[in-house]
Amino acid sequence: MTKKITSLELRKLLKDSEGSALVLFQGDWCPDCRAFKPSWDLWCRNREGPIFSIEVLRGASEWIDWDIDEIPTVAVYCKGSEKDRAHGLITEKDLARLWKHIH
């Protein structure tokens, strides 16, 4: 299940944690994100773990802070640093690849 958090909350989580996190950077205003959202929700439904989403607004600092070129972007972080990411047309295969970093 996905928990919505802010960029600041993610930064604190990664700083304070030795754990991992799978993060969807998306925008409600983005047509590609709206199209991906049902697939994301279905994929996350039966998974337990650190799964988060962050709303990225146009022109917001998240673009620079998290080095995002396009949304949707799904990134996996382990022990505070990014290990892998997928963006654009994200598939179930991409999500499974990213999830392997956590489990």
Could you run through segment 8-25 and say how many residues are of a type in the set (Ser, Thr, Tyr) and crowded, with 17+ Cβ neighbours inside 10 Å?
1
Say we look at segment 1-51 and pick out the residues that are within 12 Å of the chain's Cα centre (by Cα) and among the hydroxyl-bearing types (Ser, Thr, Tyr); which of these is modelled with the lowest pLDDT?
SER20
Can you name every residue in segment 34-49 that is among the charged types (D, E, K, R) and part of a helix (DSSP H, G or I)?
ARG34, LYS37, ASP41
Considering ALA75, ALA21, which residue is within 22 Å of LYS100 (Cα to Cα), aliphatic (A, V, I, L, M) and in contact with a Lys or Arg (Cβ under 7 Å, 6 or more places away or on another chain)?
ALA75
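If I ask for residues that are of a type in the set (Val, Ile, Thr) and under 15 Å from LEU24 (Cβ atoms), which ones from segment 52-100 would you list? First the steps, then the outcome.
So the first thing to find is which residues in segment 52-100 are of a type in the set (Val, Ile, Thr), and the list is 54, 56, 64, 68, 71, 73-74, 76, 90-91.
Of everything in segment 52-100, those that are of a type in the set (Val, Ile, Thr) and under 15 Å from LEU24 (Cβ atoms) turn out to be ILE54, VAL56, ILE68, ILE71, THR73, VAL74, VAL76, ILE90, THR91.
Can LEU95 be described as part of a strand (DSSP E or B), closer than 18 Å to THR2 by Cβ and out of contact with any Ser or Thr (no Cβ under 6 Å at 6 or more places or on another chain)?
No.
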When both residues are 6+ apart or on different chains and their Cβ atoms are under 8 Å apart, which pairs have a first residue that lies in segment 12-32 and is on the phi > 0 side of the Ramachandran plot, and a second that is among the β-branched types (Val, Ile, Thr) and surrounded by 14 or more Cβ atoms within 10 Å (Cβ to Cβ)?
none
Any idea which residue in segment 57-68 is nearest to ARG34 (Cα to Cα), counting only those that are of a type in the set (A, V, I, L, M, F, W, C) and not in a loop (DSSP other than H, G, I, E, B)?
TRP63
Among ILE54, ILE71, ILE90, the single one that is part of a strand (DSSP E or B), crowded, with 19+ Cβ neighbours inside 10 Å and either among the aliphatic types (A, V, I, L, M) or within 14 Å of the chain's Cα centre (by Cα) (or both) is ILE54
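Hey, among ARG45, ARG34, which residue is among the basic types (Lys, Arg) and loosely packed, with under 13 Cβ neighbours inside 10 Å?
Answer to the check: ARG45.
The values are calculated or read from the model by the stated rules, or taken from the named source; none is laboratory data. Bear in mind the structure is a predicted one, so any value in this text is a computation, not a measurement. Glycine also receives a Cβ, built like all others from the backbone with ideal geometry; neighbour counts cover every protein chain displayed.
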